[in-house]
Amino acid sequence: MKIIYTHGFRSQGNSFKSVALRERFGDDNVVYPDLPTNADATEAILDKIVKENTNFPIVFVGTSLGGFWANYIAQKYDIPCVIVNPCFKPSISLKKYGENVDGYAQREVWLENNTNGNLISLFVAKNDTVLSAKEMLAAYPHTASTTILKDGGHRFDIHWNLVVDKVSEIVKFKEE
């Protein structure tokens, strides 16, 4: 099995979240790349990871902008994903940070036309101050499961164990 963690904007792969995934599933089973904000470069990195791991069941786990990427790549390769407070329109939300958003709009349109909700397990914190919970839920009306929590904020740190448990459920990982 391979769990691929895609971090949020201006974050990094080696974070509390990837550490928690590695603690549960083992270092060899979790991939946690540092991703650029450039859409083409990010897609190339994630495509390469998927292609290098074709013999394993794969699950994507992503937060914020990483949630967008986890869903996009999961849809592209028919892989399950767990997305947490996902960015759903990076072409809009990244602009306010002065980021170049070239390449995001075409991927958003592709996702709108190709999303299989059965691949998605969604987690949303109602008190996210970066992305609107209402808009996130509207962007993902059909999912395999949706968990809405009143707290947790954008980072979702206090509830990360629920995400790890969902991944465990998906991969049917049995703890020793």
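The values are calculated or read from the model by the stated rules, or taken from the named source; none is laboratory data. Everything quoted here is computed from the prediction, not taken from an experiment. Methodologically, a virtual Cβ is constructed for each residue, glycine included, from the backbone with ideal geometry; neighbour enumeration extends over all protein chains shown.
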Given the conditions (1) aromatic (Phe, Trp, Tyr); (2) over 19 Å from Tyr77 (Cα atoms); (3) at pLDDT 95 or above, which single one is not true for Phe9? (3)
Among the numbered conditions (1) among the acidic types (Asp, Glu); (2) farther than 19 Å from Lys2 by Cα; (3) at pLDDT 95 or above, tell me where Glu99 comes up short. (3)
Enumerate the pairs (first residue in the stretch 1-22 and under 13 Å from Leu46 (Cα atoms); second residue anywhere and surrounded by fewer than 17 Cβ atoms within 10 Å (Cβ to Cβ) and among the aromatic types (Phe, Trp, Tyr)) with beta-carbon separation below 8 Å, excluding pairs fewer than 6 apart on the same chain, so at least 6 apart or on different chains. Lys2/Phe56
Check Ser11 against each of (1) surrounded by fewer than 17 Cβ atoms within 10 Å (Cβ to Cβ); (2) within 21 Å of Phe156 (Cα to Cα) and name the one condition it does not meet. (1)
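Quick check on the stretch 46-53. Is at least one of its residues under 18 Å from Gly13 (Cβ atoms) and within 14 Å of the chain's Cα centre (by Cα)? Full working, then the answer.
Residues of the stretch 46-53 that are under 18 Å from Gly13 (Cβ atoms), as a first pass: 46-50, 52-53.
If we keep only those that are within 14 Å of the chain's Cα centre (by Cα) as well, we get 46.
The answer is yes, given that some residue of the stretch 46-53 is under 18 Å from Gly13 (Cβ atoms) and within 14 Å of the chain's Cα centre (by Cα).
Being part of a helix (DSSP H, G or I) and farther than 22 Å from Met136 by Cβ is the filter here; which residues of the stretch 44-75 pass it? Write out each step before concluding.
So in the stretch 44-75, the residues part of a helix (DSSP H, G or I) come out as 44-52, 65-75.
The answer is Ala44, Ile45, Asp47, Lys48, Ile49, Val50, Lys51, Glu52.
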Say we look at the stretch 3-27 and pick out the residues that are under 12 Å from the mean Cα position of the chain (by Cα) and among the aromatic types (Phe, Trp, Tyr); which of these is nearest to Lys51 (Cα to Cα)? Tyr5
Pairs, first within 19 Å of Gly66 (Cβ to Cβ) and of a type in the set (Val, Ile, Thr) in the stretch 136-163, second part of a helix (DSSP H, G or I) and modelled with pLDDT of 95 or more, C-beta under 7 Å, six or more apart: Thr143/Gly117; Thr147/Leu162
Is there a residue in the stretch 112-127 that is assigned to a helix (DSSP H, G or I), in contact with a helix residue (DSSP H, G or I) (Cβ under 7 Å, 6 or more places away or on another chain) and under 12 Å from Val84 (Cβ atoms)? no
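Considering only residues that are free of Cβ contacts under 8 Å to residues at least 60 places away in the same chain and within 20 Å of Ile170 (Cα to Cα), look in the stretch 24-45 and name the one that is surrounded by the fewest Cβ atoms within 10 Å (Cβ to Cβ).
Asp28
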Under the condition of being touching a helix residue (DSSP H, G or I) at 6+ places or on another chain (Cβ under 9 Å) and either among the aromatic types (Phe, Trp, Tyr) or not in a loop (DSSP other than H, G, I, E, B) (or both), which residue from the stretch 140-158 is nearest to Lys17 (Cα to Cα)? Asp157
